[in-house]
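Working notes for the structure below.
The values are calculated or read from the model by the stated rules, or taken from the named source; none is laboratory data. Computed from a predicted model, the values in this text were never measured in an experiment. Positions of Cβ are generated from backbone atoms using ideal geometry, with glycine treated the same way; all protein chains shown enter the neighbour counts.
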Amino acid sequence: MLRLERVNKYFFRNSLDERWTIRNLTLQVQEGDFVTVVGSNGAGKTTLLNLISGAYFPDEGRIVIDELDVTELPTHRRALYLGRVFQNTSQGTAPSLTIEENLAIAYLKGKPKGIRMALNERMRAIFRDKLAEIGLGLEKRLKDRVGLLSGGQRQALALLMATLAKPKILLLDEHTANLDPKTAEIIMELTARLVGENHLTTLMVTHNLQDALSFGNRTLMMDEGEVVLDVAGEERKKMTIQELLERFTLLRHKKFAEDRVLLSSS
Amino acid sequence: MGVFITFRCLNFPDLTVDGSYPLGAAVLALLMYRGYGALAGIVAACLAGALAGLFTGVLHTFSRIPALLSGILTMICLYSINLRVMGRPNISLSENLGHRTVFVLLRDAFPRVPEVYLRFIFLFLLVVLVKVMVDLFLQTEVGLSIRATGDNETLVATQGIDPNCMKLIGISLSNALVALAGAMFAQYQGFVDINMGIGMVISGLASVIVGEVLLRGRTIFMATLQVVLGSVVYRLATAIALNWGYNIGFKPYDLKLFTGLLVIVILSFPILKEKLGRVK
């Protein structure tokens with residue numbers, strides 16, 4: 001489904017500040033996989049998602065989605081295959097547009113835009129159904145501007161928008177990190193449900209090690225631009241956060257140090 | 001209205017306006033001098049304005065020149081282009097020279113209606129027409145995409161829309177409207193002057209802001225209504241200032257200063273309020 005072949009990404013290449021962010025990364029994700037990605041700050045998790053989504057282009061290597069080489073395609077040209085939700089709750093929606101206008105953008109994804117009315121009653125009915133399924137009462141607020149919503153509501157809407165056009169791959173970039181624990185839990189449940197219902201291949205970056213192990217079927221741990229640990233199946237099911245951290249120390253001869261991880265796992 | 005589309009919908013401060021306004025007037029004058037009539041002139045003016053906007057848009061999206069600078073560059077280029085189109089710094093569209101502007105055409109079509117009313121009714125209808133067209137357009141798929149681009153470019157790209165393409169359409173469209181305004185004003189006052197565009201961006205912006213202060217509401221219908229009302233009030237205010245302002249020592253040449261200060265005050269107001277509010 002998704003294949004990265006010997007991908008390299010440098011920042012500030014050929015300057016004193018050069019940083020080798022993604023190092024010879026090769027990764028294969030099967031259709032229907034729900035992969036969680038953990039790693040300390042600067043490990044390259046977000047860069048990885050940015051490379052897949054087309055926000056950055058790799059310096060070397062190939063990125064293939066469903067046998068289609070997308071390495072050189074700009075974001076909007078590969079968007080049809082991808083859905084993405086960001087950490088920043090204001091990034092996944094357009095704040096000064098209404099809920100229904102936001103959903104219309106997502107609904108029209110991949111369709112040529114013309115001089116037709118963007119919204120109609122049939123679409124509104126679909127949106128109301130979809131919003132009712134989320135259970136946050138947003139179906140009664142179609143004409144409210146998204147800027148008025150709370151972070152959690154915006155993130156739920158962003159999730160719905162990312163999955164509405166049934167992408168091949170869903171990219172989640174710490175999409176619960178800016179929410180309070182209770183809301184984060186609701187959003188994670190919603191995520192699991194939408195992924196399950198739409199059979200989406202998913203890549204989720206998270207700082208919450210518990211989430212990393214309890215959601216999905218495969219976990220990657222990244223450090224300094226490489227995947228250092230890749231667990232799935234029985235081994236993963238039995239794994240605890242403690243074991244995960246120990247494995248990391250064993251492999252990299254250093255502690256998995258990261259404030260947010262320590263706080264969220266304590 | 002043109003300023004509204006770039007500034008509010010696209011979040012793109014477009015200084016092309018200072019050039020595309022006289023461009024519209026100049027192109028109209030050129031066509032009328034060549035004997036093509038006012039209507040052809042108006043259409044050509046809109047097209048020329050759109051082209052000017054497209055140029056700014058390409059500078060910004062393709063060459064990655066910052067928005068403000070792209071607009072200024074086009075504006076400077078247009079100054080020369082306008083002079084070339086016109087052939088001299090100002091042109092008269094006087095009826096005595098055989099030029100039949102839309103207003104002359106109207107007067108001949110309805111000889112019994114007094115000219116003042118005719119002008120008013122015609123301009124009113126034109127404004128309503130433009131407003132309704134813009135309202136409808138902004139609710140189409142393309143219009144919605146343009147608004148979303150100004151709001152959140154990252155999102156638009158991840159939803160499969162090319163933000164640059166939307167910017168080009170938006171900027172072209174707004175400059176077409178500005179050129180239309182220039183062409184209409186030239187016919188209204190009966191002459192074209194190379195300097196008629198100076199300060200147009202700020203006047204437009206002042207109108208947009210005044211409208212937002214006067215009328216609340218976030219829907220498209222309200223937003224465009226704000227722009228129309230804002231323009232009228234702004235023009236009335238300047239007319240009052242020009243006609244009676246001499247009592248307090250206000251001279252016509254103070255007008256730009258007045259407009260500039262007005263925009264500065266209104267733009268600074270929210271920050272000032274916030275700062276004052278925090279000092280408890």
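Residues that are of a type outside the set (A, V, I, L, M) and either in contact with an Asp or Glu (Cβ under 7 Å, 6 or more places away or on another chain) or closer than 15 Å to A:LEU209 by Cα (or both) within segment A:35-56 comprise A:THR36, A:GLY39, A:SER40, A:ASN41, A:LYS45, A:THR46, listed in sequence order.
When segment B:68-105 is filtered for residues that are assigned to a helix (DSSP H, G or I) and either at pLDDT below 80 or more than 24 Å from the chain's Cα centre (by Cα) (or both), the ones remaining, listed by number, are B:GLU95, B:ASN96, B:LEU97, B:LEU105.
Of all the listed residues (A:ILE63, A:ILE99), the sole one being more than 7 Å from chain B (Cβ to nearest Cβ), crowded, with 21+ Cβ neighbours inside 10 Å and within 19 Å of A:LEU200 (Cα to Cα) is A:ILE63. Evaluation of B:LEU138 against the conditions (1) more than 23 Å from B:GLY197 (Cβ to Cβ); (2) modelled with pLDDT under 85; (3) buried (at least 16 other Cβ atoms within 10 Å of the Cβ) shows that the sole unmet condition is (2).
Taking B:VAL27 as the residue in question, decide whether it is surrounded by 22 or more Cβ atoms within 10 Å (Cβ to Cβ), modelled with pLDDT of 85 or more and either polar (S, T, N, Q) or in the same structural domain as B:VAL134 (by TED's automatic domain parsing) (or both). For B:VAL27, the condition - surrounded by 22 or more Cβ atoms within 10 Å (Cβ to Cβ), modelled with pLDDT of 85 or more and either polar (S, T, N, Q) or in the same structural domain as B:VAL134 (by TED's automatic domain parsing) (or both) - is met. Just one of the listed residues (B:SER80, B:SER70, B:SER94) is in contact with a helix residue (DSSP H, G or I) (Cβ under 9 Å, 6 or more places away or on another chain) and hydroxyl-bearing (Ser, Thr, Tyr), and it is B:SER70.
The set of residues from segment B:144-162 being over 17 Å from A:PHE86 (Cβ atoms), in a helix (DSSP H, G or I) and within 7 Å of chain A (Cβ to nearest Cβ) comprises B:LEU144, B:SER145, B:ARG147. If only residues of segment A:79-96 that are surrounded by fewer than 23 Cβ atoms within 10 Å (Cβ to Cβ), of a type outside the set (Gly, Ala, Ser) and at the interface with chain B (Cβ under 9 Å from one of its Cβ atoms) are counted, the one that is farthest from the chain's Cα centre (by Cα) is A:PRO95. Restricting segment B:196-225 to residues that are more than 19 Å from B:VAL265 (Cα to Cα) and part of a helix (DSSP H, G or I) leaves a set whose member that is farthest from the other protein chains (Cβ to nearest Cβ) is B:LEU225. Looking at segment B:102-143, which of the residues that are within 30 Å of A:ALA55 (Cα to Cα) and in contact (Cβ under 8 Å) with a residue 60 or more places away in the chain is farthest from the other protein chains (Cβ to nearest Cβ)? Checking each candidate, the answer is B:LEU138.
If the condition is being surrounded by 11 or more Cβ atoms within 10 Å (Cβ to Cβ) and not in a helix (DSSP H, G or I), then segment B:106-135 contributes B:PHE110, B:VAL113.
Taking the criterion of being over 19 Å from the mean Cα position of the chain (by Cα) and farther than 20 Å from A:THR191 by Cα, would at least one residue in segment A:36-53 satisfy it? No, there is no match, as no residue in segment A:36-53 is over 19 Å from the mean Cα position of the chain (by Cα) and farther than 20 Å from A:THR191 by Cα. Only one entry in A:ASP144, A:ASP173, A:ASP180 is surrounded by fewer than 22 Cβ atoms within 10 Å (Cβ to Cβ) and touching a Leu at 6+ places or on another chain (Cβ under 9 Å), namely A:ASP144. Take B:THR16 and decide whether it is surrounded by 19 or more Cβ atoms within 10 Å (Cβ to Cβ), modelled with pLDDT under 90, of a type in the set (S, T, N, Q) and more than 17 Å from B:VAL102 (Cβ to Cβ). So B:THR16 fits the description; yes. Annotation for segment A:101-113: no member residue is of a type in the set (Val, Ile, Thr) and in contact (Cβ under 8 Å) with a residue 60 or more places away in the chain.
Given the structure, is A:ILE187 more than 14 Å from every other protein chain (Cβ to nearest Cβ), β-branched (Val, Ile, Thr) and buried (at least 17 other Cβ atoms within 10 Å of the Cβ)?
Yes, satisfied.
Listed by position, the helices (runs of 4 or more DSSP H) enclosed by segment A:140-242 that each have at least 2 residues that are among the acidic types (Asp, Glu) are A:181-198, A:233-238.
Only one of the numbered conditions (1) crowded, with 22+ Cβ neighbours inside 10 Å; (2) touching a strand residue (DSSP E or B) at 6+ places or on another chain (Cβ under 9 Å); (3) within 12 Å of chain B (Cβ to nearest Cβ) is not met by A:ARG116, and that is (1).
Going through B:ALA223, B:ALA237, B:ALA206 one at a time, which residue ends up being among the small types (Gly, Ala, Ser) and over 30 Å from B:TYR79 (Cβ atoms)?
Residue meeting the stated conditions: B:ALA223.
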